[in-house]
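This structure is in structure tokens; I'll ask about it shortly.
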Amino acid sequence: MEHLLNEKRILVAGAGGLLGSRLVPAILAQGGKVIAADINVDATAQRLATQGVDTADDNLTLIQLDVTSEESLKAFFAQQEYMDGAVNTTYPRNKTYGAHFFDVSLASFNENISLHLGSAFLFTQQCASYFKAHETAFSLVNISSIYGVVAPKFDIYNNTKMTMPVEYAAIKSAIQHLSKYAVAYVNDSRFRVNNVSPGGIFDHQPDAFCQAYKSHTHGAGMLDVSEIIGSIMFLLSDQAKYVTGQNIIVDDGFSL
């Protein structure tokens with residue numbers, strides 16, 4: 001049986017992160033070639049090694065990339081001869097990100113919008129520009145969230161110091177519309193942009209939060225990051241050839 005991503009060359013931005021570091025080996029296992037990009041190459045190499053990735057694999061290229069830098073992104077795309085797709089798993093934020101609603105300053109809000117949504121715009125724009133220059137099929141997957149779809153269920157944060165950051169809601173909802181805008185603007189079947197919106201992903205959150213979250217799902221509770229991978233792989237593949245401008249929600253019914 002032919003692999004899902006046979007010989008496809010995929011850029012994974014944020015390859016050293018929670019999602020990116022699991023996506024890289026999954027793409028390689030499906031016959032793909034990966035450009036693993038992150039702001040910190042050494043840390044990314046170490047994390048990929050812990051996921052069983054051979055960092056000397058001929059199908060893997062590790063590069064330093066700052067998605068918040070227009071210069072860095074433009075230089076990267078200008079150097080690429082062929083790519084079949086990209087996934088932006090990056091999550092840039094400032095030091096005051098995640099404060100409660102009334103404690104968020106305008107300056108901090110604006111900075112986080114600029115870092116995360118601004119870089120998502122830049123990344124999407126440069127993928128579109130790359131497609132216009134090369135005119136070969138290209139699939140971009142942006143990562144949104146259930147909280148880009150529905151309002152937060154604040155009761156699940158009771159008994160914790162956590163909250164659902166207002167910046168996150170603003171950014172993740174905007175990324176979905178940005179994706180639709182870009183694909184409508186380019187207006188070519190060969191250039192596709194889609195979103196995957198995960199529910200809560202387990203990353204050692206407090207037990208009280210995990211239990212409260214679970215009560216809003218159909219039993220799975222917080223998802224393992226590996227459970228997001230399949231939807232991304234589908235969107236990158238030719239199985240999704242005419243799927244464009246869509247949002248796949250993976251949340252075990254949390255948003256229903």
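Of all residues in segment 29-59, count the ones that are among the polar types (S, T, N, Q), outside any helix (DSSP H, G or I) and over 21 Å from residue 122 (Cα atoms). Break it down stepwise before answering.
Pass one, segment 29-59, residues among the polar types (S, T, N, Q): 30, 40, 44, 46, 50-51, 55, 59.
Right, trim to outside any helix (DSSP H, G or I) and you get 30, 40, 51, 55, 59.
Now narrow it down to the ones that are over 21 Å from residue 122 (Cα atoms): 30, 51, 55, 59.
Residues that pass the stated criteria total 4.
Can you name every residue in segment 130-148 that is crowded, with 18+ Cβ neighbours inside 10 Å and either under 17 Å from residue 93 (Cα atoms) or out of contact with any Pro (no Cβ under 8 Å at 6 or more places or on another chain) (or both)?
Once the filter is applied, which keeps residues that are crowded, with 18+ Cβ neighbours inside 10 Å and either under 17 Å from residue 93 (Cα atoms) or out of contact with any Pro (no Cβ under 8 Å at 6 or more places or on another chain) (or both), segment 130-148 yields 130, 131, 138, 139, 140, 141, 142, 143, 144, 145, 147, 148.
If you go through segment 155-201 one residue at a time, how many are of a type in the set (Phe, Trp, Tyr) and at pLDDT below 95? Steps first, answer last, please.
Going residue by residue through segment 155-201, those that are of a type in the set (Phe, Trp, Tyr) are 157, 168, 181, 185, 191.
Imposing the further condition that a residue be at pLDDT below 95 reduces the set to 157.
Result for segment 155-201: 1.
Can we say residue 62 is within 21 Å of the chain's Cα centre (by Cα), assigned to a strand (DSSP E or B), over 18 Å from residue 128 (Cα atoms) and at pLDDT 95 or above?
Values: within 21 Å of the chain's Cα centre (by Cα): yes; assigned to a strand (DSSP E or B): yes; over 18 Å from residue 128 (Cα atoms): yes; at pLDDT 95 or above: yes.
So residue 62 fits the description; yes.
Are any residues in segment 142-168 in contact with a Gly (Cβ under 7 Å, 6 or more places away or on another chain) and either among the hydrophobic types (A, V, I, L, M, F, W, C) or without any contact (Cβ under 8 Å) to a residue 12 or more places away in the chain (or both), and if so, which ones?
Answer for segment 142-168, where residues must be in contact with a Gly (Cβ under 7 Å, 6 or more places away or on another chain) and either among the hydrophobic types (A, V, I, L, M, F, W, C) or without any contact (Cβ under 8 Å) to a residue 12 or more places away in the chain (or both): just 146.
Inside segment 182-206, can you point out the residues that are hydroxyl-bearing (Ser, Thr, Tyr) and exposed (fewer than 14 other Cβ atoms within 10 Å of the Cβ)? Working first, answer last.
Narrowing segment 182-206 to residues hydroxyl-bearing (Ser, Thr, Tyr): 185, 189, 197.
Of everything in segment 182-206, those that are hydroxyl-bearing (Ser, Thr, Tyr) and exposed (fewer than 14 other Cβ atoms within 10 Å of the Cβ) turn out to be 185, 189.
If you don't mind, there's one more thing I want to ask. Look at residue 4 and say whether it is hydrophobic (A, V, I, L, M, F, W, C), more than 18 Å from the chain's Cα centre (by Cα), farther than 22 Å from residue 173 by Cβ and surrounded by 20 or more Cβ atoms within 10 Å (Cβ to Cβ). Steps first, answer last, please.
Numbers: hydrophobic (A, V, I, L, M, F, W, C): yes; more than 18 Å from the chain's Cα centre (by Cα): yes; farther than 22 Å from residue 173 by Cβ: yes; surrounded by 20 or more Cβ atoms within 10 Å (Cβ to Cβ): no.
Answer is no for this residue.
Is it fair to say residue 26 is in contact (Cβ under 8 Å) with a residue 60 or more places away in the chain, under 22 Å from residue 236 (Cα atoms) and in a helix (DSSP H, G or I)? Give the derivation first.
Values: in contact (Cβ under 8 Å) with a residue 60 or more places away in the chain: yes; under 22 Å from residue 236 (Cα atoms): yes; in a helix (DSSP H, G or I): yes.
Considered against the rule, which asks whether it is in contact (Cβ under 8 Å) with a residue 60 or more places away in the chain, under 22 Å from residue 236 (Cα atoms) and in a helix (DSSP H, G or I), residue 26 comes out as yes.
Another question, if that's okay. Mind checking whether some residue in segment 62-81 is out of contact with any Cys (no Cβ under 8 Å at 6 or more places or on another chain), within 19 Å of residue 225 (Cβ to Cβ) and hydroxyl-bearing (Ser, Thr, Tyr)?
For segment 62-81, residues out of contact with any Cys (no Cβ under 8 Å at 6 or more places or on another chain), within 19 Å of residue 225 (Cβ to Cβ) and hydroxyl-bearing (Ser, Thr, Tyr): absent.
While we're looking at this one, here's another question. Please find, within segment 207-234, the residue that is surrounded by the fewest Cβ atoms within 10 Å (Cβ to Cβ) out of those that are within 16 Å of residue 85 (Cα to Cα) and in contact with a Leu (Cβ under 9 Å, 6 or more places away or on another chain). Explain how you work it out, then say what you get.
Residues of segment 207-234 within 16 Å of residue 85 (Cα to Cα): 229-234.
Now drop any that are not in contact with a Leu (Cβ under 9 Å, 6 or more places away or on another chain), which leaves 229, 232-234.
Details: 229: 19, 232: 27, 233: 22, 234: 16.
Restricting to residues being within 16 Å of residue 85 (Cα to Cα) and in contact with a Leu (Cβ under 9 Å, 6 or more places away or on another chain), the top hit is 234.
Same structure, new question: Quickly run through segment 83-129 and pick out the residues that are part of a helix (DSSP H, G or I), within 13 Å of the chain's Cα centre (by Cα) and either surrounded by 20 or more Cβ atoms within 10 Å (Cβ to Cβ) or without any contact (Cβ under 8 Å) to a residue 12 or more places away in the chain (or both).
116, 119, 120, 123, 124
Would you confirm whether or not segment 159-182 contains a residue that is of a type outside the set (S, T, N, Q), more than 29 Å from residue 8 (Cα to Cα) and in contact with a strand residue (DSSP E or B) (Cβ under 9 Å, 6 or more places away or on another chain)? Working first, answer last.
Within segment 159-182, the subset of a type outside the set (S, T, N, Q) is 161-162, 164-172, 174-175, 177-178, 180-182.
Within this subset, residues satisfying the condition of being more than 29 Å from residue 8 (Cα to Cα) are 161-162, 164-171.
Now narrow it down to the ones that are in contact with a strand residue (DSSP E or B) (Cβ under 9 Å, 6 or more places away or on another chain): none.
The answer is no; no qualifying residue exists.
Anything in segment 235-253 that is crowded, with 18+ Cβ neighbours inside 10 Å and of a type in the set (A, V, I, L, M, F, W, C)? List them, or say none.
Hits for segment 235-253 are 235, 236, 240, 248, 249, 250.
The values are calculated or read from the model by the stated rules, or taken from the named source; none is laboratory data. The structure displayed is predicted, hence computed values, not measured ones. Cβ sites come from the backbone with ideal geometry, for glycine too, and all protein chains shown count toward neighbours.
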